[in-house]
Amino acid sequence: MSASNDSADLEALFDSIATDYQPVAPQPAPQPAPVPAATGDNDELQALFDSVASENVAPPPAAAGEGQADHPDNWPQQEAVFNRIGQMARILHDTLGQLGYDKLIEKTVSALPDAKDRLAYVANLTEQAACRVLNATDIAGPLVDGMESRSRDLGAAWDKVFANQMSPEEFRALAVETRQFLKQDLPGQTKATHAQLTEIMMAQDFQDLTGQVIKKIVMLAQELENGLMGLLIEVLPEAKKTEEVTNLMNGPVVNAEGRTDVVVNQEQVDDLLESLGF
Amino acid sequence: MAADPKTRFLVVDDFSTMRRIVRNLLKELGFTNVDEAEDGAIALQKLQGGGFEFVVTDWNMPNMDGLTLLQTIRATPTLKHLPVLMITAEAKKENIIAAAQAGASGYIVKPFTAGTLSEKLNKIFEKYGQA
């Protein structure tokens with residue numbers, strides 16, 4: 001375990017600093033040495049330790065104070081704490097086992113990284129698809145605009161023909177240009193546009209792949225939910241069960257059926273704002 | 001403020017796809033002077049640099065969310081006059097109310113259409129034109 005390695009390093013560092021700084025109190029110097037994660041653990045450990053200690057009078061809580069925790073003199077007390085934590089973990093494990101949750105938790109722990117990878121895959125594919133479509137529209141847009149302005153110009157020129165405002169030479173040039181446009185330019189541009197439409201269509205191929213992946217994750221989530229719900233119902237105090245989580249960042253409403261606290265379209269947004277006088 | 005095609009927009013969304021879509025829609029509507037920011041904090045920096053006349057922002061973003069951005073804009077004397085249109089997937093009524101109370105100029109729920117964006121922009125331009 002990395003934790004024990006850290007402790008050994010820390011201990012050595014602590015000792016070396018402690019000998020340098022004899023007259024001063026030894027606790028502040030070694031603080032920067034531990035990896036940041038270790039401090040978080042210490043707080044939790046401290047809280048757990050305090051709760052255990054208050055119950056079990058033997059080890060004085062001060063012994064686990066930060067900075068001093070790794071001093072060699074404190075090892076006996078630490079050992080007592082670790083033993084106690086070990087016992088608690090054992091009890092928790094047995095209880096969960098009796099309730100049938102050990103298998104569930106085991107499965108969950110192994111399934112979650114897999115689900116994470118799958119979701120990352122979905123995010124990746126959908127992002128690629130979005131980019132492909134946006135690129136295609138970026139290419140097709142100017143093509144269509146070009147066709148539109150070209151035909152508008154030609155149409156205007158032909159209006160002049162019909163209004164008898166064109167010389168025979170101009171008419172001839174217009175006829176040649178129109179022929180060129182109809183036979184070459186236009187088919188070329190529609191073909192290029194069509195290629196982009198095909199690209200947009202093909203960019204939807206993610207749906208099949210993500211659909212399969214998402215189905216798997218939905219199944220996993222359902223199993224997880226069932227298990228965790230069972231656990232929560234047994235463990236949670238009655239009052240907590242009905243508490244609603246209020247939060248303003250929920251993302252899209254996935255299922256609005258039967259809910260009165262959400263809007264489902266823009267009209268409802270507008271109506272709500274209007275009813276409030278905005 | 002009329003619907004000047006030179007109006008300088010700042011589009012704030014953490015997803016580049018959505019920024020691109022909004023930018024394209026604005027272009028379709030004739031607004032080509034558009035800059036982007038990927039969260040509220042970056043948006044605020046850009047806004048404080050000056051020159052922007054319209055903010056279109058998402059709600060749920062890292063670092064600084066859209067509501068906080070809106071509140072900060074309204075609390076900053078040099079920025080508080082800016083129209084702020086929210087385009088967000090947040091569809092709870094309390095979200096809409098919170099945004100309105102914080103001084104949002106408009107609220108569009110995702111998924112949205114080009115027509116909705118155009119309508120809301122016009123409405124905001126009209127309102128600011130009168131003011």
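The values are calculated or read from the model by the stated rules, or taken from the named source; none is laboratory data. The shown structure was predicted, so the numbers you read here are calculated from the model rather than taken from an experiment. Note that each Cβ is placed from the backbone with ideal geometry, even for glycine, and that neighbours are counted across all protein chains shown.
For the range A:104-122, which positions are of a type in the set (Lys, Arg) and surrounded by 14 or more Cβ atoms within 10 Å (Cβ to Cβ)? Selection gives A:LYS107, A:ARG118.
One residue is enough: does the range B:95-114 have a residue meeting the conditions more than 9 Å from every other protein chain (Cβ to nearest Cβ), over 23 Å from A:ASN247 (Cβ atoms) and outside any loop (DSSP other than H, G, I, E, B)? Within the range B:95-114, one or more residues are more than 9 Å from every other protein chain (Cβ to nearest Cβ), over 23 Å from A:ASN247 (Cβ atoms) and outside any loop (DSSP other than H, G, I, E, B). Exactly one residue out of A:ALA195, A:ALA203 is within 30 Å of A:PRO142 (Cα to Cα), surrounded by 13 or more Cβ atoms within 10 Å (Cβ to Cβ) and within 14 Å of another protein chain (Cβ to nearest Cβ): that is A:ALA203.
For beta carbons closer than 6 Å, sequence separation of 6+ or different chains, a first residue in the range A:79-97 that is in contact (Cβ under 8 Å) with a residue 60 or more places away in the chain and a second that is part of a helix (DSSP H, G or I) and among the small types (Gly, Ala, Ser), there are no qualifying pairs. For the range B:26-67, the tally of residues that are outside any loop (DSSP other than H, G, I, E, B), farther than 19 Å from A:PRO252 by Cβ and out of contact with any Lys or Arg (no Cβ under 9 Å at 6 or more places or on another chain) stands at 13. Among residues of the range B:63-94 being surrounded by fewer than 17 Cβ atoms within 10 Å (Cβ to Cβ) and hydroxyl-bearing (Ser, Thr, Tyr), the one that is nearest to the other protein chains (Cβ to nearest Cβ) is B:THR68. Only one entry of B:PHE54, B:PHE125 meets the criterion of being in contact (Cβ under 8 Å) with a residue 40 or more places away in the chain, of a type in the set (A, V, I, L, M, F, W, C) and in contact with a Phe, Trp or Tyr (Cβ under 7 Å, 6 or more places away or on another chain), and that entry is B:PHE54.
Selection over the range B:27-43 of residues that are buried (at least 20 other Cβ atoms within 10 Å of the Cβ) and within 14 Å of chain A (Cβ to nearest Cβ) gives a count of 1.
Here B:ALA91 passes the criteria (1) modelled with pLDDT of 95 or more; (2) within 14 Å of A:MET249 (Cα to Cα); (3) touching a strand residue (DSSP E or B) at 6+ places or on another chain (Cβ under 9 Å) except the one numbered (1).
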